[in-house]
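Taking it in order: structure first as structure tokens, then the write-up.
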Amino acid sequence: MIPDNRYLPKSQEFNRSVQKRLFFIFAAVTLLFILLSSILLPYRLYLRDVQEARTKARDVSELIRVGLLSTMISTGDSEKIRGLIAAFQKKYDFQFRMIRSSHVEKQHGIKEDEQATDDLIKQVLQTGKSRDDWMDRTTFRYVSPFIADVRCQECHESISGKEIGIGQVLGASEIIFDLSVKEAESIRLIIEIVFLIMASLLTMGLVFFFIVKKGILEAKLLIDKEDE
């Protein structure tokens with residue numbers, strides 16, 4: 001058989017073309033995974049952090065409500081109430097203030113913390129429903145109402161001076177969490193995961209590339225040589 005000198009270069013050119021295509025396909029898939037990870041991971045972690053902040057705020061708010069109510073009924077000592085709040089703040093790391101409703105202000109005056117100064121707190125006092133918002137990118141605020149029950153009727157009065165009605169809003173607690181540390185942890189986690197994905201894809205891509213190159217393309221080239 002007379003060798004066809006034009007055949008071998010064409011085979012090599014075909015192999016190089018296939019290698020380039022494999023490389024670009026792998027690069028495109030890697031880039032796509034990295035982009036999706038960079039978009040989806042921050043969003044999922046943001047949702048997780050928000051949900052954790054809300055759950056923690058609700059739990060702390062309920063603990064404070066129960067503790068304050070118990071202390072008010074048993075002693076009414078404002079220093080003990082402040083000590084109780086300080087203990088919760090030390091354990092759960094948050095800022096706190098207690099806002100009185102208008103009828104509690106009328107009955108007891110404004111002696112404690114700053115009163116209602118923004119729409120969110122006013123909404124809680126008016127509706128008796130909890131609200132939350134972001135004061136900035138990493139500062140989460142949760143405001144919950146203090147609702148009167150039968151035990152509150154022993155001490156509290158309505159605007160008219162009569163016994164406070166069950167279900168009336170006595171005030172609200174404002175709990176503020178600084179989530180900057182949580183944000184930094186989430187960013188580190190995102191970076192670690194993206195690098196892990198990149199390393200995994202690069203490793204798998206290189207393994208696949210050499211399998212195709214050695215096991216298929218070079219084997220085909222060798223067969224072509226033998227057939228000449």
Q) Can you pull out the residues in region 39-70 that are exposed (fewer than 14 other Cβ atoms within 10 Å of the Cβ) and among the hydroxyl-bearing types (S, T, Y)? A) Y43, Y46, T55, S70
Q.
I'd like the full set of residues that are within 12 Å of the chain's Cα centre (by Cα), surrounded by 13 or more Cβ atoms within 10 Å (Cβ to Cβ) and of a type outside the set (A, V, I, L, M, F, W, C), limited to region 159-184.
A. K182, E183
**Q.** Selection count, region 39-63, where residues are aliphatic (A, V, I, L, M) and in contact with a Ser or Thr (Cβ under 6 Å, 6 or more places away or on another chain)
**A.** 1
Q. Of all residues in region 126-165, which are modelled with pLDDT of 85 or more, among the aliphatic types (A, V, I, L, M) and over 15 Å from R65 (Cβ atoms)?
A. M135
Q.
Yes or no: region 190-209 includes at least one residue that is at pLDDT 80 or above, more than 24 Å from A53 (Cβ to Cβ) and surrounded by 13 or more Cβ atoms within 10 Å (Cβ to Cβ).
A. no
Q: Please list, ordered by first then second residue, the pairs with beta carbon atoms under 9 Å, 6 or more apart or interchain, first in region 44-59 and among the aromatic types (F, W, Y), second modelled with pLDDT under 85 and surrounded by 17 or more Cβ atoms within 10 Å (Cβ to Cβ).
A: Y46/S186
Q: Check whether at least one residue in region 22-29 is among the β-branched types (V, I, T) and either closer than 14 Å to G205 by Cα or not in a helix (DSSP H, G or I) (or both), and report yes or no.
A: yes
Q.
Checking K182 against (1) under 30 Å from V143 (Cβ atoms); (2) modelled with pLDDT under 75: exactly one of these is not met. Which one?
A. (2)
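The values are calculated or read from the model by the stated rules, or taken from the named source; none is laboratory data. Values in this document were obtained by computation on a predicted structure and should not be read as measured data. Using ideal geometry, Cβ is built from the backbone for each residue, glycine included, and neighbour counts are taken over all protein chains shown.
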